[in-house]
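Each value in this text was obtained by applying a stated rule to the coordinates, not by laboratory testing. Computed from a prediction, not measured in an experiment: that's the story for all the values here. A quick note on method: Cβ atoms are made from the backbone with ideal geometry, for glycine too, and the neighbour counts reach across all protein chains shown.
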Amino acid sequence: MHFSDCIVLSGPELQPFHCASFRVEDANIVELDLVEPVQRIESGAMVLMPGLVNAHTHMGDSFLPDGATGLTLEEGFFRPDGFKYREIAKLDRAAHVDHMSDALRYMAATGTVAHVDFREQGPDGAARLKEASAATGVRSVILGQFDSVPFDLDELTENMAGLSPDSLAELEAMLQIADGFSESTMNDLTDPAWKEIRELTDSRGKARAVHCLENEGYRNVSLERTGRGDLIQAIELYAPDLIVHVTVANDEEIERLARSGITVVLNPRANANLGLPLPPVAKLLNAGVNLLLGTDNGLLNSPSMLAELDFTYKLAKSQYGDSIRPDPREILKMATSNVAKTRWGRELPGALTVGGPATFSAMNFHQAHLRRSAHILASILCRVTPADVLQTVRNGQTLYQAK
Ligand SMILES: [Zn+2]
């Protein structure tokens, strides 16, 4: 695979350069002949950027686009009887894998090479997504969830019980298939269970993640039961690789997050679509928290990172209160090189370098709306659409090629 006379967003800082020759052999970039930095173009170019990473999805419910319209967060998405759980349970297995494969192909067509998924349905749920990932070449980082909540309300309120032998067996089986564990909220399990899960995932070398502070209810229930908010519980008890949402995090919580060094995944479009407050992007950036972006539930949002980048950039500017901050590169990093600071940094460095993985997408800046871009990075955030993606490649393998 070879591209000549193009523009490449080089390295983790995503600096655009004119590039005389970009060559791939097998899975890696073997030549990157950078000529000079460039910000604006006059008459079009092919632009190569690192493949986008969608750091939070639930592709298991992608088969019902906009299906939760008119429902609250609790009615649509909470266990045990939320709309999405009822609808997923009705689906035939083979049809479900096909629906997820379609969603992954759409991701590839919009420049995305990998996603981190909270997968319902226990071990079989993880296996279904693994099949869709194998069928499409898109990397699914699968974080499995118990098929049903292991505790009833009394047990959760008492907060004393550990996982039953059946739940432990389910967890073991899930970790055989999945990359790690996820749970909807810290309020779905007991303190002893969180400790058991932390130990088991550590001993198996597996990842952990959880939603926190999506709304005030998450914090309030946790405070009532444990005397601490759900975010503090997550940091101290569970020490996850990823904390998702932090929509209503206050200044003190943001400071705790920054000190913990834990990576946060924001999903501003999903929050907005549920009528929730928008996440404090500007404050999190100022505090130095490592940020990634996700599109959340397939039934809430299209899994296009191009749409998420646009929304997040505008949101951050509005929160900063001026037209200067943040630098567009800080937003694009949330879908690319910030992944390097997580446990997946080796396989998904989110940067184009000689010797690194050939994982990128090619964008057609010859299109009329892009060919005179005065700021290439800002145009990627604000103007590139799925129709401008020409090719998406992961480890040298083409996942998507425009016709
Ligand atoms: Zn989610």
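For the reader, a short list of remarks on this structure follows.
- Per-residue [θ]222 nm for the chain (sum of -39500 (n - 2.57) over DSSP H runs n ≥ 4, rounded to 500): -10500 deg cm²/dmol
- Measuring between alpha carbons in the structure, the pairs from 206/314; 84/206; 314/341; 130/195; 130/333 lying more than 29 angstrom apart are 206/314.
- Overall Cα dimensions of region 260-360, principal axis frame, Å, largest first: 43, 33, 27
- The chymotrypsin sites (Phe, Trp or Tyr not before Pro) found in region 102-181 include none that occupy coil by DSSP while having at most 16 further C-beta atoms within 10 Å.
- Between residue 181 and 144, 207, 208, 209, the built amide H atoms are under 5 Å apart, and every one of these is 5 or more places off in sequence or on another chain.
- Each part reduced to its alpha carbon centroid, region 158-200 and region 316-342 end up 34 Å apart.
- Helix 216-226 and the longest principal axis of the Cα set of the chain meet at an angle near 40°.
- Volume per residue of the C-alpha convex hull in the chain, rounded to whole Å³: 133
- Mean separation of Cα contacts under 8 Å (6+ apart) over length of the chain, as relative contact order %: 24
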